[in-house]
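For reference, the structure discussed in these notes is given below.
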Amino acid sequence: MDKKLLDVLVCPQCHGALTQCHRRGMLICESESLGYPIVDGIPHLLAQEALTIPTFDIATPDPS
């Protein structure tokens, strides 16, 4: 995902920063422990599509 786009996108729940997780194919909001899927290169930033991510899994570094 383009760095400029990632700098502009925010979590729809808390308006906090999102980080890209290549391993999961998601944008992650660490403060809410939510993951938003990226489908065909398009982030789906809808609350009903968000997945709860365990806090310990968020802290695990992405191997990319």
Protection proxy ranking of 41-53, 23-35 - average other beta-carbon atoms within 10 Å, highest first: 23-35, 41-53
Solitary cysteines of the chain, where the nearest other Cys Cβ is not under 4.7 Å: 14, 21
Whole-number percent relative contact order across segment 3-58, with pairs defined as alpha carbons under 8 Å at least 6 apart: 25 percent
Theoretical gain in end-to-end length, residue 19 to residue 52 [0.36 nm per residue, Cα-Cα removed]: 10.4 nm
13 Å tail of the calculated P(r), the chain, as % of Cα pairs: 58 percent
Size of charge dipole - the chain - debye, nearest 20, with Cβ of Lys, Arg +1 and Asp, Glu -1, no other charges: 100 debye
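Read-outs: derived from the displayed coordinates by stated rules, not from any lab. Remember, it's a predicted structure, so these values are computed and weren't measured experimentally. FYI the Cβ positions are ideal-geometry reconstructions off the backbone, even for glycines, and counts take in every protein chain you see.
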